[in-house]
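Read-outs throughout are calculated quantities, based only on the coordinates presented, and are distinct from any laboratory measurement. Quantities reported herein were computed from a predicted structural model and do not represent experimental measurements. Using ideal geometry, Cβ is built from the backbone for each residue, glycine included, and neighbour counts are taken over all protein chains shown.
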Amino acid sequence: MHSIEKKNLGGFMNLFHLLALCGMLSPIIYTLMWILGGILQPEYSHIRDDVSTLVAVDAPNKKLFDKFIISSSILLFVFYTGLHWGINNGAGSITGPILFVISGLLGVLVALFFPLDAGGELLTIRGKLHLVLIAISGILATAGMVALWFRLESEVEWSGFATFSLITAIVSLILVVATSAAVNTNYVGLVERLMVSSYQIYYFVLALMVFLTN
């Protein structure tokens, strides 16, 4: 009986490692996508242009970058599906992980079905839904960070991450506001990258913690 329990536990640990690797790969793939955008498209500016323009309807390398954004979104969603049980053996509120699951699902839907319109404009329902769903996904992810802070602040092994989670939520909100203010400027690309990078770094660190603690 004990050997069976150990074998099952080992299986779960391996599964959590695999899920965590998915979570760590996702932000790497996403970041590589927009870095490559500046290399493959000389007219594309990381300072001026937002990331979503790379996968807009008429984007010159849309098919290539679609593969990046879809892969990144699916990997992150897959990681989220095991997040509750990967944190402290599932002890504590499921609210944070559920918020991340919904956020991740919206990210997948945007990547698959809701690109920006030609030229990065918001002309059609599909293009407008891109912005709406991304905004909702970001709000849910930020709320998930706060929920994980509540869940983990008293856990010795996770208390440092809990503080990191709260700080990232605050910084992300500030950068979201800054990005909104920069929309009609020539610096929106730079500000947006700072904003999305705060989320991407968080996802990587969260996945790394799941990997190390399982």
Between helix 62-81 and the chain: long-axis angle, C-alpha atoms, 0 to 90°, nearest 10: 20
Cα gyration tensor shape for the stretch 52-96, rounded if a/c is under 1.5, else prolate or oblate: prolate
Computed over the stretch 116-204, Kirkwood Rh from alpha-carbon pairs, angstrom: 14.3
Extended-chain gain in nm, criterion 0.36 nm per residue less alpha-carbon gap, A181 and E153: 6.8 nm
Spin-label model distance (nm) - I167 vs I47, 7 Å beyond Cα toward Cβ: 3.0
The stretch 25-71: C-alpha gyration tensor shape, a/c 1.5 cut-off, then a/b vs b/c: oblate
Spin-label model distance (nm) - N61 vs I174, 7 Å beyond Cα toward Cβ: 3.3
Kirkwood Rh in Å, taken over all unlike Cα pairs in the stretch 15-98: 14.3
Compactness of the stretch 170-213 as Cα Rg over 2.2 N^0.38 Å, two decimals: 1.41
nm² value of the averaged projected area, convex hull over the Cα atoms of the chain: 12.3
Degrees separating the helix 188-213 axis from the principal Cα axis of the chain, which is the longest one: 20
Expected 222 nm ellipticity per residue - DSSP helices of 4 or more, -39500 (n - 2.57), all of the chain, to 500: -26000 deg cm²/dmol
Proxy reagent accessibility, fewest Cβ within 10 Å first, across T163, T142: T163, T142
Helix 95-113 axis, angle to the chain major axis (alpha carbon atoms, nearest 10°): 40
